[in-house]
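Below is one structure; the comments refer to it alone.
Nothing in this text is a laboratory measurement; each read-out follows from the coordinates by a stated rule. All values reported here derive from a predicted model rather than from experimental measurement. As a convention, Cβ positions derive from the backbone with ideal geometry for all residues, glycine included, and neighbour counts pool all protein chains shown.
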Amino acid sequence: MRFFPALRTGVLITALCLCVQGQNTPSKDTQVNEAKGLPPRAAPADYEAHARAGEVTIAAEFKGHSVPTLEGTYTTEDYVAVETGLFGSPGARTRLSIDDFSLRINGKKTPLSSQPYLLVFSSLKDPEWVPPEAPESKSKTSFGGGGGQGEPPPTPPKMPLELQRVMQQHVQKAALPEGDRALPQAGLIFFQYRGKTEHIRSIELTYTGPAGKATLTLQP
């Protein structure tokens, strides 16, 4: 079920505020902080599945909880990503929207609606980031009483805001670009799914857009 317009707008505004938290002045990075997509592969056959929707060929590959970008691969526990490519004849154009895609997992009656990349930021992680070692807590002596017993565990360190912002920009630039575009175009689309991918038995990606309709069977 898709968000009501007002609710979806509110969620997007909240996610955007979290994305820019800690930024006081605009930087050069923010000028290019837009969805540009991934480089399209040489042909639709280079993806794990492809199908025709009118004069456009839709190609896709399921990435699970991984989020591949040009700069590195991140992860998210709350969403799954699908790398999608759209191809056409020379000079072809079409209007792209993530709302044209839905994902059916394990034959569920209601398919998952695509979600804006901004919502992925709250659960985004960089597997290569190593948090600094937490300083050892100073245990109390017997004179201080308690000997350190009952002290709460230290709070796990968080990734610095600047590193979070860079990671988010990488994902944003890898997202499928929207609007009227010349083909080919490619990029990531996201669906909320917190389950383990090893429990997925079947995946169907459906495109219903200006070009027509197509259903692709993807591999878990």
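Whole-Hz Karplus values for the stretch 108-125 come out as 4, 4, 9, x, 7, 7, 5, 10, x, 4, 4, 6, 6, 4, 5, 10, 6, 9 Hz, taken residue by residue from phi with 6.51 cos²θ - 1.76 cosθ + 1.60 and θ = phi - 60°; glycine and proline positions read x. Separation of the stretch 156-181 and the stretch 45-123, taken as the distance between their Cα centroids, equals 17 angstrom.
Working note: Karplus 6.51/-1.76/1.60 with θ = phi - 60° gives the stretch 179-185 the couplings x, 6, 9, 7, 8, x, 9 Hz, where Gly and Pro are set to x. Computed over the alpha-carbon pairs of the stretch 155-220, the distance histogram in 5 Å steps reads 3, 10, 14, 19, 17, 16, 11, 6, 3, 1, 0 percent, short to long. Using a cut-off of 19 Å between Cα atoms, the listed pairs Lys63/Lys173; Lys125/Lys196; Lys63/Lys196; Lys125/Lys173; Lys108/Lys173; Lys63/Lys158 include Lys108/Lys173; Lys63/Lys158 as exceeding that distance. Within the stretch 63-116, list the trypsin sites (Lys or Arg not before Pro) lying in a DSSP loop whose Cβ has at most 14 other Cβ atoms in a 10 Å radius. Hits after loop and neighbour filter: Lys108, Lys109.
For the stretch 59-124, what is the Kirkwood hydrodynamic radius in Å, using each pair of distinct C-alpha atoms? The Cα-based Kirkwood calculation yields 13.7 Å.
Packing order of peptides 211-219, 151-159, highest average first: 211-219, 151-159 (average count of other Cβ atoms within 10 Å over each peptide's residues). Highest-first packing order for the peptide set 51-57, 181-187, 114-120, 71-77 is 114-120, 181-187, 51-57, 71-77, based on the mean count of other beta carbon atoms within 10 Å.
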